[in-house]
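The values are calculated or read from the model by the stated rules, or taken from the named source; none is laboratory data. On a predicted model such as this, the values are computed, not experimentally measured, just so you know. Every residue, glycine as well, gets a Cβ built from its backbone with ideal geometry; the counts of neighbours run over all protein chains shown.
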Amino acid sequence: MPYETLLVDQADGVGLVTLNRPEALNAINTALIDELNQVLDAFERDANIGCVLITGSAKAFAAGADVKEMAELCFPGTYLDDFLGRWDRVAERRKPIIAAVAGHALGGGFELALMCDFIIAADNARFGLPEVKLGVIPGSGGTQRLTRLAGRAKAMEMILTGRSMDAAEAERCGVVARVVPLPELLDAAMQSARQIAAQSRTAVLLLKECVNRVDEGSLGEGLRFERRLFQAVFATPDQKEGMGAFIEKRKPVFGKQ
Ligand code: HXC
């Protein structure tokens, strides 16, 4: 079945999803996240699939959630339409998911990669949570998952300034499993995925559950907290200014209170 925003393939027990909105650097809009969930649902049900691989293009894994779609959102909209619920579903999958990241993985794009079980990065990858520059905050787990992986100091610095880090820094601070040269990214990630798909399905799913247990408890609390704040930030003028300025290709002017 053809998708509007994804390319989908499967081989050797691996389900491969390629994010495919090149005109927007794979910015994640509702169509994309909904299609991604449809594909992940199908892979979860498919007994032939033992591991899923999500990738983007050489230039961008995904440059964030789609700012043009979000710009006019308001607090009741993000809350009532459960804007973030569809994102959460990616992290709730039982089968392992690897993110193969090249180029930009920013904002919601980085958060999507962080929801996967591990990241293999190309040497040109750049990771960041630049939401602060748009007058908003990460809403799909970024503040919680980056802090757990990279530690409080690095996460705080990156999230408050909006600066991104390169692949080498991401590997040093434990955000990515390993870094490979860009031309080798897909082969390297496919090799890992095939290896996982060849193991006992039961053992693999149990292992994923066990490792994830490490984060249980206060992560849920943290995610609920972050979600509420994300929804609330759409009640601020700074959100309209930050996203409006991005679309109009100008510098934002934020209020001082
Ligand atoms: C919508 C986007 C986009 C985005 C890029 N584009 N990122 N559209 N949402 N997040 C579009 C641009 O508008 C442009 O379209 C085209 O993709 C190419 O982008 P350029 O900016 O021309 O490319 P470049 O100069 O190479 O710069 C790349 C970039 C920059 C540094 C990645 O595009 C950028 O800063 N993007 C925004 C990154 C960001 O702020 N991400 C966080 C979003 S908030 P046109 O049609 O203009 O040519 C977020 C919140 C998540 O993710 C909350 C949880 C769900």
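In the set (1) more than 16 Å from the ligand (Cβ to nearest atom); (2) surrounded by 13 or more Cβ atoms within 10 Å (Cβ to Cβ); (3) among the charged types (D, E, K, R); (4) at pLDDT below 85, the condition left unmet by GLU221 is number (2).
In segment 53-77, the residue that is surrounded by the fewest Cβ atoms within 10 Å (Cβ to Cβ) out of those that are assigned to a strand (DSSP E or B) and near the ligand (Cβ under 7 Å from one of its atoms) is ALA60. Would you say ALA31 is at pLDDT below 95 and either small (Gly, Ala, Ser) or touching a strand residue (DSSP E or B) at 6+ places or on another chain (Cβ under 8 Å) (or both)? When the stated conditions are applied, ALA31 does not pass them.
Listed by position, the helices (runs of 4 or more DSSP H) inside segment 111-204 whose residues that are within 16 Å of the ligand (Cβ to nearest atom) and within 29 Å of VAL253 (Cβ to Cβ) number at least 3 are 142-150, 152-161. Among residues of segment 83-106 that are over 25 Å from GLU69 (Cα atoms) and assigned by TED's automatic domain parsing to the domain that holds ASP66, those with a Cβ under 6 angstrom from a residue that is away from the ligand (no atom under 16 Å from the Cβ) and part of a loop (DSSP other than H, G, I, E, B), sequence gap 6+ or separate chain, pair up as PRO96/ASP117; ILE97/ASP117. The set of residues in segment 14-23 that are among the hydrophobic types (A, V, I, L, M, F, W, C) and farther than 17 Å from GLU111 by Cα comprises VAL14, LEU16.
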